1. Going by how many other beta carbons lie within 10 Å of each one, how would you line up B:49, A:122, fewest first?
2. Can you pull the mean other chain C-beta count within 10 Å for peptide B:57-66?
3. Under the classification rounded if a/c is under 1.5, otherwise prolate if a/b is larger than b/c and oblate if not, where does the range A:1-134 fall, given a ≥ b ≥ c as square roots of the Cα gyration tensor eigenvalues?
4. Grab the DSSP H runs of chain A that are 4 residues or longer, score each as -39,500 (n - 2.57), total them, divide by all residues and round the 222 nm result to the nearest 500 deg cm²/dmol.
5. Could you please rank A:90, B:33, placing first whichever residue has the fewest other Cβ atoms within 10 Å of its Cβ?
6. Based on the alpha-carbon gyration tensor of the range A:87-181 and its eigenvalue square roots a ≥ b ≥ c, which shape applies: rounded if a/c is under 1.5, prolate if not and a/b is larger than b/c, or oblate?
7. With angles folded into 0 to 90 degrees, how steeply does helix A:158-179 sit against the dominant principal axis of chain A? Use alpha carbons for both and round to 10.
8. Can you put B:143, A:166, B:12 in order, fewest other beta carbons within 10 Å first?
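Values in this text are rule-based calculations from the coordinates and carry no lab data. Keep in mind the model is a prediction, meaning the values are calculated, not measured. A quick note on method: Cβ atoms are made from the backbone with ideal geometry, for glycine too, and the neighbour counts reach across all protein chains shown.
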């Protein structure tokens, strides 16, 4: 079932739950992994993914179809992740660097972390990036999204996204060289 | 004119070196950068994250439950406003009760007050006072203590005027006022029994 059909079925009371269930099954993994890469911890990612789909349920009726459904869901997931990280900063009155420390601790906790040294170091390099650069890098490198799609999600021009991605790549390379993996 | 870029002829070469095949890859790297398609070297695209078993099979149910919980009609006592009001009222009642407890703890019953006052009077003095002013009560106490006594006459008892009692000086309360007040007679007896033991009464009878 394509997205247009899903939305139509969601708008009808009799098929609303059925359509929503299909929608969740179709996009849950993308949303989850997008969030997980930002917050690192599984429990946090789980909460935020659920929250994302609750928001989808709340607002899908008013979705006008100006963008694709999955970029709209990505946008909600992005906002949830950024909101979560901001709350963490506010809660512990932390500067950005210390949120990175918090994420690093999560990465080192070994709870649902199961990768080789190289992939863990790669994640550590990503954590050192500013949040928006990390978002751009994740969407481009891991999710292989087009810049036009990322532009819709982050409300940023394609040129700025490319520059942001380039800086991220350079910083990651520098980090990896420094840790000598 | 001398060509300074003719490195063949220039004996002073710049002290720089280049990565291997830099100029061969230059164009490709530039194109990748312009398109924003470059990739970091020496990294793996594999994510080091694990998941609980069957997580994605169970996630739709978790989401459905969350939505159901949010949208199910709430009973009156589940309304946030009502819950907040109830919480405030509970705090208010709790504070009120603790205030009452503290306040009432300080207010003594008339019996307790009497007992406290009588404790301050020397026992001998109290016995004399009773023998002189309240012989009936003294008899009753003696009877309860199972002591047979004969109340001496007023002339036989060394009379101690009430207003010279140490009590009056110390606590500024007239014993008479206490004993003849509105207190229940039984309560007075009870207190006096506690205050006056066998020895005191015998001392009074056989001074």
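1. Lowest count first: B:49, A:122.
2. Average neighbour count from other chains, rounded to a whole number: 5.
3. prolate
4. -24500 deg cm²/dmol
5. Least to most surrounded, the residues fall as A:90, B:33.
6. It is oblate, given that a/c is not under 1.5 and a/b is not larger than b/c.
7. Roughly 40 degrees, rounded to the nearest 10.
8. B:12, B:143, A:166
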